[in-house]
Amino acid sequence: MKFIKDNFFNKEELKRYKNISNSSSYQLTIHKRQLQTSPIHTFNLDAHNYLINKIQENFFKILKFKDVTCDFRKRKTPVSNSNREDKYIHQDNTYWNCLIYLQGPISLYDGTTFYKKINNEFFIQDMIGFKPNRAILFRGRHLHGTSQVHTKNDNWRDTINVFFNR
């Protein structure tokens with residue numbers, strides 16, 4: 001089950017969150033062949049609650065949860081090998097995940113790919129392209145990973161990641 005909402009933020013909100021992301025400090029790490037950042041910036045309580053309400057308003061009026069974490073992430077793939085096995089395919093230990101794409105180039109190959117696993121092999125089930133101001137909501141246990149592939153013109157993508165537990 002996946003939900004997509006384009007134009008998630010209005011212009012002022014998008015500008016505010018981009019400014020927060022751009023002014024945040026990040027610590028670079030390499031994780032499973034992907035260059036990504038560990039977010040140093042954390043949401044203050046008001047911004048956190050506003051974001052949760054915005055997600056509820058756009059996807060579910062009554063989204064039940066007991067614990068929510070939010071962070072900013074920057075990511076790009078530094079490896080010039082785009083095989084499926086090189087992707088960081090994973091499941092999260094959450095009930096719902098909401099990814100909000102903030103900034104980066106519009107591209108099918110910078111978004112999120114969903115997989116199913118049959119006999120220890122991963123098969124692409126669905127791909128959602130990267131588009132600034134797009135939010136996607138999906139079950140955390142669904143196998144997924146970034147769709148990014150390395151190119152000579154590779155760019156960073158900035159996202160807000162929100163994880164809901166029940």
G145 fails exactly one of (1) under 13 Å from the mean Cα position of the chain (by Cα); (2) within 20 Å of N165 (Cα to Cα); (3) modelled with pLDDT of 90 or more, namely (3)
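When you scan segment 124-133, do you find a residue that is modelled with pLDDT under 95, in contact with a helix residue (DSSP H, G or I) (Cβ under 9 Å, 6 or more places away or on another chain) and loosely packed, with under 15 Cβ neighbours inside 10 Å, even just one?
yes
Please find, among L35, L63, the residue that is assigned to a loop (DSSP other than H, G, I, E, B), modelled with pLDDT under 75 and within 30 Å of K116 (Cα to Cα).
Working: L35 fails: assigned to a loop (DSSP other than H, G, I, E, B).
L63 is the lone residue from the list that is assigned to a loop (DSSP other than H, G, I, E, B), modelled with pLDDT under 75 and within 30 Å of K116 (Cα to Cα).
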Item to complete: Can you confirm whether segment 72-82 contains a residue that is touching a strand residue (DSSP E or B) at 6+ places or on another chain (Cβ under 8 Å), closer than 17 Å to R141 by Cα and modelled with pLDDT of 75 or more?
Response: no
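The values are calculated or read from the model by the stated rules, or taken from the named source; none is laboratory data. Quick caveat, the model's predicted, so the values are computed rather than measured. Cβ: placed from backbone, ideal geometry, glycine included. Neighbour counts: every protein chain shown.
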